[in-house]
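The values are calculated or read from the model by the stated rules, or taken from the named source; none is laboratory data. Bear in mind the structure is a predicted one, so any value in this text is a computation, not a measurement. Here Cβ is always computed from backbone atoms with ideal geometry, including for glycine, and neighbour counts include all displayed protein chains.
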Amino acid sequence: MGNRPTIQSTLPTGKQATSVSPLAGRCTAVVGLQWGDEGKGKVVDLLAPAFEAVVRYNGGANAGHSVVVKGERYALHLIPSGILYPGKLAVIGNGVVVDPEVLLKEADGLRSRGVDVSGLVISDRAHVVMPYHKAEDEVRERLISESGGVGAREGDGKGGIGTTKRGIGPCYADKAQRATAVRVGDLANVEALRTKLRRICAFKNATLGAVGCRAFDPEELTIWAAQMGERLRTSIRDTTMLLHDLLETGKPVLFEGANAALLDVDHGTYPFVTSSSTTVLGIPAGTGVPGSRIDRVYGVVKAYSTRVGNGPLPTEQINPIGNRIRERGREFGTTTGRPRRVGWLDLVAVRYSAMLNGVTDLAVMLLDVLAGFDELHVCTAYRHKGVLIERFVPDSEFLYEAQPVYTTMPGFSQEITAATSRADLPAAARAYLDLIEKVVGVPISIVSVGPDRAQTILA
Ligand code: GDP
Ligand code: IMO
Ligand code: MG
């Protein structure tokens, strides 16, 4: 074990925000254990003071991470949530797909609210989401929807995958295809990029033009890309070397997962997933930092389930229960504004995600939203074709047919947003947390009882 410096983080109130004391030169990760929007932004914001850098490793502007500080709400899409602390490095790793327009708008928006964004660093090897990627995302969703949907069953995903239409899938596809990819580093070399974009546009206009997309002009795109490159120039770096230099000098690093485990391209509810490795398994490839450096993983769990877009959600409540949770939890997308689908907590799914991520600590979020129900239901197994199944099966067909088996818990009527310790919570809320720890087999070290930084219980 290395030397463990006592880096304490404090809330604006002077109260200790977290007991996290990262080891010198080690890494902590924050990852979502459901279908996204678990409250990762809030957890990263709580932990960030103890770290030198906060690093995004996957996804792009499909993410929407909200942080609320003293009533002020910040919605971050590409910039790591640690940016809100002056002096922190906010690193966009090579595994992220970067829409430069969204990034610059986000940086301008933060600057106009007095946030210092000078710590922003972008990998030269991150891929660029180009305007044709967004057009392709849109047209693919429409055509797939018109041709009957995504899944094997009639009507599955009849609206397509239900993507955020931020060009994420098409950009990762070009990364894998190679010949038609543009990386952030390319934005600095306009002449080479002009040649490349002529070739790429010829290809895109032929393929996307055939399915009704508008034509893309290489010269227009070159001018656009050059402008983006010029504005981002001073922030573009070899972030792999930067992170290794930090770690070698004993600085701790925090990774901020985007999207969530059940949206992982390999391990999620395929095909209703995003296009990247969303779990800690994506960190080495998406940053160049080996997994052996990561010694603590916070798994973020919403106290119930939500999902945006299509795909199975076994505990979904399309009824007054779901509507009540949606209203109380303000369950409308941070990125697209879409109403989120809502269901009871699914611990079969959460246990699987915790296993995949090697989670060491749970952060249970939005517990306050569940106040006022007589009973709370928690899925602790599935019944599939008459058979009781206790292990998650990451297969959409299976999950569409799985019936949740619920453990019913007493509800709590009091509002809990002012609770400052687990002991302050009503007995039923404490029993709910105990059940989560027991079924998942991981201790809870953060309980969130409201969106604000200060509305947090630390174990
Ligand atoms: P992320 O994508 O995982 O960062 O989560 P989002 O920011 O998309 O969605 C979480 C939402 O819940 C945001 O609006 C947060 O401000 C809010 N939130 C976070 N924790 C709590 C909490 O404990 N209680 C309530 N009521 N809202 C919370
Ligand atoms: P954060 O980081 C919730 C979902 C989309 C869609 C699917 C594929 O805020 O938790 P994509 O545009 O990525 O190709 O869409 O994945 N999705 C998210 N849902 N939160 C997210 O991010 C998401 N990122 C992607 O709704 O169903
Ligand atoms: Mg979100």
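Restricting the stretch 289-320 to residues that are within 12 Å of ligand 1 (Cβ to nearest atom) and in a loop (DSSP other than H, G, I, E, B), the residue that is surrounded by the fewest Cβ atoms within 10 Å (Cβ to Cβ) is VAL308.
Remark: pairs (first residue in the stretch 18-38, farther than 18 Å from MET355 by Cβ; second residue within 16 Å of ligand 1 (Cβ to nearest atom) and among the charged types (D, E, K, R); Cβ separation under 7 Å; 6+ apart in sequence or on different chains) = ASP37/ARG340.
Tell me, yes or no, whether the stretch 339-360 has at least one residue that is within 15 Å of ligand 2 (Cβ to nearest atom), polar (S, T, N, Q), crowded, with 22+ Cβ neighbours inside 10 Å and within 21 Å of ALA459 (Cβ to Cβ). Yes, the conditions are met somewhere in the stretch 339-360. With respect to being within 16 Å of ligand 3 (Cβ to nearest atom) and buried (at least 22 other Cβ atoms within 10 Å of the Cβ), ASP45 fits the description. Look through the stretch 313-341, keep the residues that are closer than 15 Å to GLY39 by Cα and of a type in the set (Val, Ile, Thr), and return whichever of them is nearest to ligand 3 (Cβ to nearest atom). Top of the filtered list is THR334.
Inside the stretch 162-191, can you point out the residues that are touching a helix residue (DSSP H, G or I) at 6+ places or on another chain (Cβ under 6 Å) and either among the aromatic types (Phe, Trp, Tyr) or farther than 24 Å from GLU141 by Cα (or both)? Answer for the stretch 162-191, where residues must be touching a helix residue (DSSP H, G or I) at 6+ places or on another chain (Cβ under 6 Å) and either among the aromatic types (Phe, Trp, Tyr) or farther than 24 Å from GLU141 by Cα (or both): ASP186, LEU187, ALA188, VAL190.
Okay, residues lined up against (1) closer than 30 Å to LEU399 by Cβ; (2) surrounded by fewer than 24 Cβ atoms within 10 Å (Cβ to Cβ); (3) without any contact (Cβ under 8 Å) to a residue 12 or more places away in the chain:
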residue: CYS213; (1), (2), (3): no, yes, no
residue: MET228; (1), (2), (3): no, yes, no
residue: LEU246; (1), (2), (3): no, yes, no
residue: LEU254; (1), (2), (3): no, no, no
residue: PRO271; (1), (2), (3): yes, yes, no
residue: THR278; (1), (2), (3): yes, no, no
residue: LEU281; (1), (2), (3): yes, yes, no
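The residue that is modelled with the lowest pLDDT, counting only those in the stretch 308-321 that are in contact with a Ser or Thr (Cβ under 9 Å, 6 or more places away or on another chain) and either on the phi > 0 side of the Ramachandran plot or of a type outside the set (S, T, N, Q) (or both), is GLY309.
Report whether or not LEU366 is modelled with pLDDT of 95 or more and either out of contact with any Gly (no Cβ under 7 Å at 6 or more places or on another chain) or aromatic (Phe, Trp, Tyr) (or both). It is false that LEU366 is modelled with pLDDT of 95 or more and either out of contact with any Gly (no Cβ under 7 Å at 6 or more places or on another chain) or aromatic (Phe, Trp, Tyr) (or both). As a summary of the residue check, TYR74 satisfies the conditions (1) assigned to a loop (DSSP other than H, G, I, E, B); (2) of a type in the set (Ser, Thr, Tyr); (3) under 20 Å from the mean Cα position of the chain (by Cα) except for the one numbered (1). On the stretch given as the stretch 186-218, residues that are assigned to a helix (DSSP H, G or I) and in contact with a Gly (Cβ under 9 Å, 6 or more places away or on another chain) total 5. Can you find a residue that is within 13 Å of ligand 2 (Cβ to nearest atom) and either at pLDDT below 95 or touching an Asp or Glu at 6+ places or on another chain (Cβ under 6 Å) (or both) anywhere in the stretch 372-379? The answer is no, given that none of the residues of the stretch 372-379 is within 13 Å of ligand 2 (Cβ to nearest atom) and either at pLDDT below 95 or touching an Asp or Glu at 6+ places or on another chain (Cβ under 6 Å) (or both).
The selection criterion, being aromatic (Phe, Trp, Tyr), within 16 Å of the chain's Cα centre (by Cα) and farther than 22 Å from LEU262 by Cα, does not hold for TYR85.
Scanning the stretch 345-377 for residues that are over 23 Å from THR279 (Cβ atoms) and not in a helix (DSSP H, G or I) gives ALA371, GLY372, PHE373, ASP374, GLU375, LEU376, HIS377. The residue that is nearest to TYR74 (Cα to Cα), among those in the stretch 321-330 that are within 11 Å of ligand 1 (Cβ to nearest atom) and touching a residue at least 40 places away in the same chain (Cβ under 8 Å), is GLY329. Evaluating GLY159 against the criteria (1) without any contact (Cβ under 8 Å) to a residue 40 or more places away in the chain; (2) outside any helix (DSSP H, G or I) leaves one unmet condition, (1). Residues that are touching a helix residue (DSSP H, G or I) at 6+ places or on another chain (Cβ under 6 Å) and part of a loop (DSSP other than H, G, I, E, B) occur in the stretch 43-52; there is at least one. Taken together, the criteria exclude THR287 from residues that are among the polar types (S, T, N, Q) and within 16 Å of ligand 3 (Cβ to nearest atom).
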